[in-house]
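The values are calculated or read from the model by the stated rules, or taken from the named source; none is laboratory data. All values reported here derive from a predicted model rather than from experimental measurement. In this analysis, Cβ positions are derived from the backbone assuming ideal geometry, glycine residues included, and neighbour counts consider all displayed protein chains. What goes into the accessible areas is simple: the full protein's heavy atoms, side chains included, and nothing from ligands, DNA or RNA. Shrake-Rupley method; radii C 1.70, N 1.55, O 1.52, S 1.80 Å.
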Amino acid sequence: MASQAQEVAAEALRYVCNPDELGFESTQEVEPAVGTVGQDRAQDAVTFGLEIGTQGYNLFVVGVPGTGRSTTVLSHVERLAKAMPTPSDWIYVHNFQDSYRPRAIKLPPGRGAQLRRELDLLVDQCRREIPRAFDSDSYQQRRQQTMTQLDRRREQLYGELSEKAKQRGLSVQFSPSGVATVPLVEGRPMTPEEYAALADEARDRIRDLGESLQEHILAFMKAVRDAEQTTLQEIRKLDRDSALFAIGHLVEQVAATYEDTPDVVAFLEQIQEDMVEHLDAFRPQPDAAGQAQAQAMFGGPPRPPQDPTFRYRVNLLVSHEPNGGAPVVIEHNPTYYNLAGRIDYQAQFGTMSTDFRMIKPGALHRANGGFLILEAKDVLINAFSWEALKRAIDNRETTIENIGEAMSLVPMVTLRPEPIPLEVKVILVGNPLIYNILFHQDEDFRKLFKVKADFDVEMERTPETMRVYAGFVRCRVEQDSLLHFHKSGVAKVIEYGSRLLENQRKLATRFSDVADVVAEASFWAKKAGNTLVMGEHVDKALHEKEFRSSLNRDKVHEIINEGVINVSTEGLAVGQINGLSVLDSGDYIFGAPSRITAAVSLGTNGVFNIEREIEMSGKIHSKGVLILSSYLAHRYAQDRPLSLNASLTFEQLYNEVDGDSASSTELYCLLSALCDLPLRQDIAVTGSVNQRGEVQAVGGVQYKIEGFFDVCKAKGLTGTQGVMIPATNLTHLMLRDDIVEAVAKGQFHIFTARHIDEGIALLTGVPAGELQPDGLYPEGSVNGLVQQRLWDYAERLRMFNQADGHGDPEAPASQPVDGDAPA
């Protein structure tokens with residue numbers, strides 16, 4: 001173990017890309033990047049998930065935005081879809097047996113639209129041919145012959161009835177109210193006056209004669225009705241035969257085209273049968289104007305009357321071009337209706353009506369036989385969408401029903417379209433949090449989405465990946481019509497990729513952030529009148545980008561420099577140290593120093609965190625403070641109990657603190673308070689610590705260093721100021737050029753520590769001291785002073801307990817007393 005923290009040379013504080021090692025002068029000499037780089041694991045998973053056809057092997061793509069997850073998936077899907085067979089078309093048609101259950105019919109790709117056109121043409125032709133057939137001379141002649149026969153039969157029957165009535169001295173008269181018999185006088189009908197003048201016996205005789213004729217009248221009426229019924233059937237048969245003769249060959253012509261689709265042939269046969277049964281649909285509707293006027297009275301614009309031939313139309317739900325490959329559908333707004341389809345309604349005469357033509361497809365229907373890409377978050381935030389998606393995938397069919405009907409307490413009479421079989425590969429894109437929630441909380445998720453493609457945010461920095469960065473810059477130049485980049489500009493972009501990741505050995509795969517810098521650098525170069533983007537233009541873009549977003553940072557640093565928040569950047573103080581924290585304002589991350597203080601006294605409560613007591617401490621920070629108690633007990637309480645009250649706090653902290661990156665800083669502060677040695681205030685500290693005193697890596701180190709440097713620079717650099725970080729964080733530094741320059745000039749310093757002993761020696765200027773064989777630390781060392789203070793506390797506590805009547809007065813000082821165990 002080194003006796004003291006080591007100072008870091010300026011060259012180790014950031015990775016500097018040498019433009020001459022890139023192998024080109026400008027991006028004009030670079031091939032554009034093809035595909036996604038640095039995501040081999042994810043790309044293999046995507047390929048596997050897309051190609052496997054087993055049920056349940058749908059794909060969930062995990063990654064943060066900007067890593068190329070959506071672009072990668074789309075490129076793989078489109079490439080695979082081109083080689084796949086084109087799925088079938090689907091249509092909905094009228095169900096002649098049950099109009100509330102529209103039928104779904106599957107056709108070869110491209111035939112759905114063709115059938116729709118042919119049926120529209122067929123209906124138009126039938127509208128012409130059927131009236132024409134009825135207007136033909138042959139039809140009119142046959143109809144007239146049939147009607148003439150009826151008239152002759154009526155005359156024959158009437159003559160027979162009249163003769164029988166005449167034989168009885170009666171005549172038969174027909175009226176709308178029925179048939180009446182009238183007595184005859186000298187061959188003519190008797191008048192009412194003459195009938196009234198007859199004697200009763202004569203009237204009775206006439207009445208008897210009329211009653212005797214009733215049987216013949218009834219037989220006459222039945223015979224007439226039979227004749228009329230026979231004639232009506234003959235007329236209907238004539239109409240049917242004429243209509244079939246007019247349209248039969250038209251229907252057969254269409255049916256011949258679809259001999260390979262039995263469902264279509266059966267539907268055409270039903271159309272033909274329905275047409276001849278509803279020939280009035282092909283005759284003019286005389287009341288069309290009245291219906292339009294009635295619709296206007298109920299509100300809204302007048303609507304034309306419903307086409308009575310709508311039953312013969314086709315609702316083309318999904319259509320595909322032949323040889324077009326499998327469909328790729330990206331649904332950006334996956335509401336329930338956009339996903340699962342819907343049934344529309346229209347207002348007509350004050351009521352809502354619908355039919356099979358108003359069935360609309362959803363993304364599942366359009367993607368059937370191919371791929372459906374969805375944002376997981378968008379699916380989850382839309383009511384009923386997630387359950388509808390799972391149900392469709394699990395049942396392998398999609399059913400169209402409106403939400404109101406599914407959730408209604410009272411069953412309603414509405415359309416129930418036939419479900420359509422579903423064969424679709426669903427790709428959900430989301431962040432790791434959404435994936436973990438669904439995986440652990442939704443029992444159906446792991447059954448339906450068995451393939452996970454995890455996109456990383458980083459890749460190794462190698463000559464190959466650096467060339468990929470150059471190719472990506474060239475790609476953005478071409479796509480966005482930007483200026484080409486000089487090699488120095490590309491080198492700065494590569495350095496920015498490492499800074500995004502806070503790692504000198506890796507490059508960020510968040511290419512959306514890199515693309516923003518490329519575009520902005522081109523803007524500044526063009527504004528300066530350059531034809532190439534140089535390194536200085538990339539620096540300009542980064543500086544301006546930071547300036548636009550750094551208002552909060554400047555405000556925090558301002559109140560520190562004004563002394564509103566107490567932060568010392570020089571001098572010495574006991575039990576006081578500068579910690580470092582990272583603040584996130586959304587689009588900008590920055591570091592800021594904060595004062596940490598410790599106070600110690602005799603007691604048995606151990607180390608406690610003031611923030612925890614008032615519930616301003618997160619769990620990880622509280623864990624870090626508890627580790628300090630364990631460190632003290634492990635190192636200094638092997639022979640005597642830990643008899644200590646110690647409080648730690650972040651001064652002037654007004655929001656919650658979390659994370660363990662200040663645990664080593666708090667330990668230095670606590671040790672200073674115990675040994676009564678002052679700590680340097682010109683050195684800020686970050687790093688976590690374990691129970692053995694080893695300093696561990698933390699996040700955001702470069703932002704913390706930059707935050708303290710900015711405060712020191714504003715107050716005035718003294719040449720002694722600096723930051724101490726964990727040694728394992730050294731490769732995570734990608735510091736700004738001005739800090740590297742200040743370190744090179746000796747105006748600022750960066751130190752690394754592997755153990756608390758190294759850090760405390762630097763901060764106090766006193767050796768930490770190593771444990772000797774006799775169990776003691778060297779006199780005058782930091783550890784020796786701490787050990788002596790804690791032993792003094794233990795002895796004073798023992799004497800206090802004896803004086804207070806607790807414990808055995810003869811008990812040795814090393815014997816623990818109740819309550820002396822470390823907190």
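Which of the numbered conditions does H440 fail, given that it passes all the others? Conditions: (1) open to solvent by 40 Å² or more (accessible area, probe 1.4 Å); (2) over 26 Å from V426 (Cβ atoms).
(2)
Looking at the structure I just gave you, is E31 among the charged types (D, E, K, R) and outside any helix (DSSP H, G or I)? Outline the logic, then answer.
Details: among the charged types (D, E, K, R): yes; outside any helix (DSSP H, G or I): yes.
The answer is yes for E31.
With respect to Q39, is the statement that it is open to solvent by 50 Å² or more (accessible area, probe 1.4 Å) and not basic (K, R) true? Working first, answer last.
On the way: open to solvent by 50 Å² or more (accessible area, probe 1.4 Å): no; not basic (K, R): yes.
In short, no.
Does any residue of the stretch 552-565 turn out to be in contact (Cβ under 8 Å) with a residue 40 or more places away in the chain and in contact with a Pro (Cβ under 8 Å, 6 or more places away or on another chain)?
yes
Just wondering, is there one or more residues in the stretch 151-163 that are touching a Ser or Thr at 6+ places or on another chain (Cβ under 9 Å) and farther than 19 Å from E211 by Cβ?
Taking the stretch 151-163 and keeping what is touching a Ser or Thr at 6+ places or on another chain (Cβ under 9 Å), we get 153, 162.
In the following step, the residues that additionally are farther than 19 Å from E211 by Cβ were identified as 153.
Yes - at least one qualifying residue is present in the stretch 151-163.
Give me the residue from the stretch 527-544 that is in contact (Cβ under 8 Å) with a residue 12 or more places away in the chain and of a type in the set (A, V, I, L, M) and, out of that set, surrounded by the most Cβ atoms within 10 Å (Cβ to Cβ).
Among those that are in contact (Cβ under 8 Å) with a residue 12 or more places away in the chain and of a type in the set (A, V, I, L, M), it is V533.
Return the residues of the stretch 733-754 that are open to solvent by less than 50 Å² (accessible area, probe 1.4 Å) and either in a helix (DSSP H, G or I) or within 17 Å of E502 (Cα to Cα) (or both); say none if nothing qualifies. Break it down stepwise before answering.
Of all residues in the stretch 733-754, those open to solvent by less than 50 Å² (accessible area, probe 1.4 Å) come to 733-736, 739-740, 742-743, 746, 748-753.
Answer for the stretch 733-754, where residues must be open to solvent by less than 50 Å² (accessible area, probe 1.4 Å) and either in a helix (DSSP H, G or I) or within 17 Å of E502 (Cα to Cα) (or both): L733, M734, L735, R736, I739, V740, A742, V743, I750, T752.
If I ask for residues that are over 15 Å from T731 (Cβ atoms) and buried (at least 24 other Cβ atoms within 10 Å of the Cβ), which ones from the stretch 696-709 would you list? Walk me through how you get there before you give the answer.
Restricting attention to the stretch 696-709, the residues satisfying the condition of being over 15 Å from T731 (Cβ atoms) are 703-704, 706-709.
If the condition is that a residue be over 15 Å from T731 (Cβ atoms) and buried (at least 24 other Cβ atoms within 10 Å of the Cβ), then K704, G707, F708, F709 are the ones that fit.
Search the stretch 545-566 for residues being under 33 Å from the mean Cα position of the chain (by Cα) and small (G, A, S), and hand back the single one that is most open to solvent (accessible area, probe 1.4 Å).
Taking the candidates together, the pick is S549.
Look through the stretch 173-202, keep the residues that are surrounded by 11 or more Cβ atoms within 10 Å (Cβ to Cβ) and of a type in the set (S, T, Y), and return whichever of them is modelled with the lowest pLDDT.
Y195
Can you find a residue in the stretch 587-596 that is closer than 26 Å to V723 by Cα and modelled with pLDDT under 90? So that I can check it myself, show each step before the final result.
At the first step, the residues of the stretch 587-596 found to be closer than 26 Å to V723 by Cα are 587-596.
This time we only want the ones that are modelled with pLDDT under 90, so: 587.
The answer is yes; a qualifying residue exists.
Restrict the check to the stretch 251-268 and report whether at least one residue is over 20 Å from D124 (Cα atoms), under 57 Å from the mean Cα position of the chain (by Cα) and of a type in the set (A, V, I, L, M, F, W, C).
yes
Which of (1) at pLDDT 95 or above; (2) open to solvent by 30 Å² or more (accessible area, probe 1.4 Å) is the odd one out, the single condition F485 does not satisfy?
(2)
Could you list all residues from the stretch 68-105 that are crowded, with 17+ Cβ neighbours inside 10 Å and under 23 Å from D355 (Cβ atoms)?
Correct list: D89, W90, I91, Y92, V93, H94, N95, P102, R103, A104, I105.
Given the conditions (1) over 37 Å from the mean Cα position of the chain (by Cα); (2) at pLDDT 90 or above; (3) of a type outside the set (F, W, Y); (4) open to solvent by less than 60 Å² (accessible area, probe 1.4 Å), report the number of the one that G606 does not fulfil.
Every listed condition holds for G606 apart from (2).
Quick check on my filter: what residues within the stretch 100-139 are hydroxyl-bearing (S, T, Y) and within 22 Å of F245 (Cβ to Cβ)?
Let us first name the residues in the stretch 100-139 that are hydroxyl-bearing (S, T, Y), namely 100, 136, 138-139.
Of everything in the stretch 100-139, those that are hydroxyl-bearing (S, T, Y) and within 22 Å of F245 (Cβ to Cβ) turn out to be S136, S138, Y139.
Any idea how many residues of the stretch 338-348 are surrounded by fewer than 22 Cβ atoms within 10 Å (Cβ to Cβ) and either at positive phi or at pLDDT 95 or above (or both)? Steps first, please.
The initial filter retains those residues of the stretch 338-348 that are surrounded by fewer than 22 Cβ atoms within 10 Å (Cβ to Cβ), namely 338, 342-348.
Of the ones still in play, those that are also either at positive phi or at pLDDT 95 or above (or both) are 338.
Residues flagged as surrounded by fewer than 22 Cβ atoms within 10 Å (Cβ to Cβ) and either at positive phi or at pLDDT 95 or above (or both) within the stretch 338-348 amount to 1.
Looking only at the stretch 542-571, which residues are over 22 Å from V517 (Cα atoms) and in contact with a strand residue (DSSP E or B) (Cβ under 6 Å, 6 or more places away or on another chain)?
V556, N566, V567
Could you list, in sequence order, the residues of the stretch 755-776 that are surrounded by fewer than 21 Cβ atoms within 10 Å (Cβ to Cβ) and assigned to a loop (DSSP other than H, G, I, E, B)? Steps first, answer last, please.
In the first step, residues of the stretch 755-776 are kept if they are surrounded by fewer than 21 Cβ atoms within 10 Å (Cβ to Cβ); the result is 755, 765-767, 770-776.
If the condition is that a residue be surrounded by fewer than 21 Cβ atoms within 10 Å (Cβ to Cβ) and assigned to a loop (DSSP other than H, G, I, E, B), then G765, V766, P767, E770, L771, Q772, P773, D774, G775, L776 are the ones that fit.
If you take the residues in the stretch 144-163 that are in contact with a strand residue (DSSP E or B) (Cβ under 9 Å, 6 or more places away or on another chain) and in contact (Cβ under 8 Å) with a residue 40 or more places away in the chain, which one is most open to solvent (accessible area, probe 1.4 Å)? Let's see the steps before the verdict.
From the stretch 144-163, those in contact with a strand residue (DSSP E or B) (Cβ under 9 Å, 6 or more places away or on another chain) are 158, 161-162; that's our starting set.
Keeping just the survivors that are in contact (Cβ under 8 Å) with a residue 40 or more places away in the chain gives 158, 161.
Details: Y158: 91, L161: 5 Å².
The qualifying residue most open to solvent (accessible area, probe 1.4 Å) is Y158.
Kindly indicate the residue of the stretch 13-28 that is in a helix (DSSP H, G or I) and open to solvent by less than 30 Å² (accessible area, probe 1.4 Å) and also farthest from V457 (Cα to Cα) among those meeting that condition.
Let us first name the residues in the stretch 13-28 that are in a helix (DSSP H, G or I), namely 13, 19-21, 27-28.
In the following step, the residues that additionally are open to solvent by less than 30 Å² (accessible area, probe 1.4 Å) were identified as 13, 27.
Values: L13: 22, T27: 25 Å.
Among residues in the stretch 13-28 that are in a helix (DSSP H, G or I) and open to solvent by less than 30 Å² (accessible area, probe 1.4 Å), the one farthest from V457 (Cα to Cα) is T27.
With open to solvent by less than 30 Å² (accessible area, probe 1.4 Å) and of a type in the set (F, W, Y) as the only criterion, which of F60, F48 stands out?
Values: F48 fails: open to solvent by less than 30 Å² (accessible area, probe 1.4 Å).
Residue meeting the stated conditions: F60.
Here is a list: R205, R225, R236. Which entry is within 23 Å of Y158 (Cβ to Cβ) and open to solvent by 80 Å² or more (accessible area, probe 1.4 Å)? Steps first, please.
Working: R205 fails: within 23 Å of Y158 (Cβ to Cβ); R236 fails: within 23 Å of Y158 (Cβ to Cβ).
Going through R205, R225, R236 in turn, just one is within 23 Å of Y158 (Cβ to Cβ) and open to solvent by 80 Å² or more (accessible area, probe 1.4 Å): R225.
If you go through the stretch 246-292, how many residues are modelled with pLDDT under 55 and either among the hydroxyl-bearing types (S, T, Y) or in a helix (DSSP H, G or I) (or both)?
Taking the stretch 246-292 as the starting set, the residues that turn out to be modelled with pLDDT under 55 are 286-292.
From the residues that got through so far, the ones that are either among the hydroxyl-bearing types (S, T, Y) or in a helix (DSSP H, G or I) (or both) too are 288-292.
Of the residues in the stretch 246-292, 5 are modelled with pLDDT under 55 and either among the hydroxyl-bearing types (S, T, Y) or in a helix (DSSP H, G or I) (or both).
Residue under question is I373, and the condition is that it be open to solvent by 10 Å² or more (accessible area, probe 1.4 Å), under 26 Å from A83 (Cβ atoms), of a type in the set (V, I, T) and touching a Ser or Thr at 6+ places or on another chain (Cβ under 9 Å); does it hold?
Values: open to solvent by 10 Å² or more (accessible area, probe 1.4 Å): yes; under 26 Å from A83 (Cβ atoms): yes; of a type in the set (V, I, T): yes; touching a Ser or Thr at 6+ places or on another chain (Cβ under 9 Å): yes.
The answer is yes for I373.
If you scan the stretch 349-370, which residues turn out to be in contact with a helix residue (DSSP H, G or I) (Cβ under 7 Å, 6 or more places away or on another chain), part of a loop (DSSP other than H, G, I, E, B) and crowded, with 16+ Cβ neighbours inside 10 Å? Outline the logic, then answer.
Of the residues in the stretch 349-370, the ones in contact with a helix residue (DSSP H, G or I) (Cβ under 7 Å, 6 or more places away or on another chain) are 349, 355, 357, 362-364, 370.
Adding the requirement that they be part of a loop (DSSP other than H, G, I, E, B) leaves 349, 355, 362, 370.
D355, G362, G370, listed by residue number.
In the stretch 324-348, what residues are assigned to a loop (DSSP other than H, G, I, E, B) and either over 24 Å from the mean Cα position of the chain (by Cα) or more than 28 Å from V77 (Cβ to Cβ) (or both)?
Once the filter is applied, which keeps residues that are assigned to a loop (DSSP other than H, G, I, E, B) and either over 24 Å from the mean Cα position of the chain (by Cα) or more than 28 Å from V77 (Cβ to Cβ) (or both), the stretch 324-348 yields G324, G325, D344, Y345.
Select, from L632, L730, the only residue that is outside any strand (DSSP E or B) and farther than 30 Å from E460 by Cα. I'd like the intermediate steps shown before the answer.
Numbers: L730 fails: farther than 30 Å from E460 by Cα.
None of the others qualify; the one that does is L632.
Just for the stretch 657-685: of the residues that are of a type in the set (S, T, N, Q) and crowded, with 22+ Cβ neighbours inside 10 Å, which one is farthest from L572 (Cα to Cα)? Can you show your working first?
Let us first name the residues in the stretch 657-685 that are of a type in the set (S, T, N, Q), namely 661, 663-665, 672, 681.
Of the ones still in play, those that are also crowded, with 22+ Cβ neighbours inside 10 Å are 661, 663-665, 672.
Details: S661: 23, S663: 20, S664: 18, T665: 15, S672: 11 Å.
Checking each candidate, the answer is S661.
Among the residues of the stretch 409-441, write down those that are in contact (Cβ under 8 Å) with a residue 12 or more places away in the chain and either at positive phi or under 18 Å from the mean Cα position of the chain (by Cα) (or both).
Residues of the stretch 409-441 in contact (Cβ under 8 Å) with a residue 12 or more places away in the chain: 413-432, 434-435, 438.
Result: V424, K425, V426, I427, L428, V429, G430, N431, P432, I434, Y435, L438.
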